[in-house]
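Only one structure is covered here, and it is reproduced in the block below.
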Amino acid sequence: MADSSAAVVPRWLKLAFTLWILIWAPSYVVLLGAQNFFWLCNVASFLLLAAMWREQRTLMSMQWLAVAMVGSLWSLDVTTAALTGVHPIGGTEYMFDTEHPTMAKAMSLYHVVLPLVAGIGVAKLGYSRRALRWQTLLTWVVVPLSYLLTEAERNINWVHGPFGQPQDSLDPLLYLFLLMLIWPAVVYLPVHLLMIGGQRWRRQA
């Protein structure tokens, strides 16, 4: 998946994001346990760091797919709930749970930051068309591992039910299979098509 690019991700961004990871990762282990790193957004944090330092276009593009829509919808859900008390999407109820650690809530604000960081990276390195394929394959690895290796009550990556809520309408393995198909199609593909469309438009302009 190695790429080369003449563009350079700003060094200040690399150093700032590295410092963030050095603070965020051990804090999450203490507050929420290592299982929390199975979340695709958390996986993206580490891969985004690697992509920045390696100036790796495909890896950077993969993380853009991973966080662009998820981060935007997370921010929308939290903001709407804060203003109206209603979660239009769901999955962020923990941000308003008094029993959830305050520090963990604060650190969850990285959902707002990751799309900005990945967006800068893609703007500097360019978008790779191979990102959809590789990010889908990564998801097909991480999601089953989340089902097998994490506690069901955590519902990491929604492997036991959508929007953080358990489901019992479908057989668990059938639901997991459908989730693996739906995630790339609903979360990654629209962003990928938007990026490809933008590339074509720029070439024609």
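The values are calculated or read from the model by the stated rules, or taken from the named source; none is laboratory data. None of the values given here were measured: they were computed from a predicted structure. Here Cβ is always computed from backbone atoms with ideal geometry, including for glycine, and neighbour counts include all displayed protein chains. Ligands, DNA and RNA are stripped out before the accessible areas are found, and what is left, the full protein with its side chains, is counted by its heavy atoms. Shrake-Rupley method; radii C 1.70, N 1.55, O 1.52, S 1.80 Å.
Largest to smallest in accessible area, the residues ARG57, ARG202 fall in the order ARG202, ARG57 (1.4 Å probe, all protein chains included).
If packing is taken as the average count of other Cβ atoms within 10 Å, what order do 16-24, 128-136, 88-96 fall into, highest mean first?
Details: 16-24: 13.8, 128-136: 19.0, 88-96: 15.6.
Peptide ranking by packing, descending: 128-136, 88-96, 16-24.
Rounded to the nearest 500, the 222 nm mean residue ellipticity of the chain from helices alone is -22000 deg cm²/dmol, with -39,500 (n - 2.57) taken per DSSP H run of at least 4 residues. Between the helical axis of 131-149 and the longest alpha-carbon principal axis of the chain there is an angle of about 20 degrees. Taking LEU83, LEU173, LEU138 as the candidate residues, the one with maximal mean-square fluctuation in a Gaussian network model of the chain, Cα springs under 10 Å, is LEU83. In a simple Cβ point-charge model (Lys, Arg +1; Asp, Glu -1; nothing else charged), the stretch 116-205 has a dipole of about 940 debye relative to its Cα centre. So how much accessible area does PHE38 have, in Å² to the nearest 10, using a 1.4 Å probe? Rounded to the nearest 10, the figure is 50 Å².
Compared with the dominant Cα axis of the chain, that is its longest principal axis, helix 189-204 is turned about 20°. Got a sec? Charge dipole of the chain, +1 on Cβ for Lys and Arg, -1 for Asp and Glu; which of SER128, TRP183, ILE21 is way out at the positive end? Towards the positive end, the residue furthest out is SER128.
Across every pair of different alpha-carbon atoms, what Kirkwood hydrodynamic radius in Å does the stretch 3-75 reach? Please list the in-between numbers first.
On the way: mean 1/r = 0.0760 Å⁻¹.
Evaluated on the stretch 3-75, it is 13.2 Å.
Entry comment: accessible area of the chain is 52 Å² per residue, from protein heavy atoms only and a probe of 1.4 Å.
Set the Förster distance to 41 Å, then compute FRET efficiency between GLN199 and HIS100 from the Cβ-Cβ distance, nearest 0.05. Intermediate results must be reported in sequence, preceding the final value.
Details: r = 41 Å, r/R0 = 0.99.
Working from the Cβ atoms, E equals 0.50.
Explain nothing, just the number: dipole magnitude of the stretch 25-111 about its Cα centre with +1 on each Lys and Arg Cβ and -1 on each Asp and Glu Cβ, in debye rounded to the nearest 20. If you can, show how the numbers build up before the last one.
Values: 3 positive and 5 negative charges, 66 e Å.
My answer is approximately 320 debye.
On the accessible surface of the stretch 58-102, probed at 1.4 Å, how many percent belong to carbon and sulfur atoms? Before the final figure, lay out the partial values.
On the way: 1340 of 2090 Å².
Carbon and sulfur atoms account for 64 percent of the accessible area of the stretch 58-102.
Computed about the Cα centre, the dipole magnitude for the chain is approximately 1300 debye when only Lys and Arg (+1) and Asp and Glu (-1) carry charge, each at its Cβ. Seen against the Cα atoms of the chain and their longest principal axis, helix 110-125 is set at about 20 degrees.
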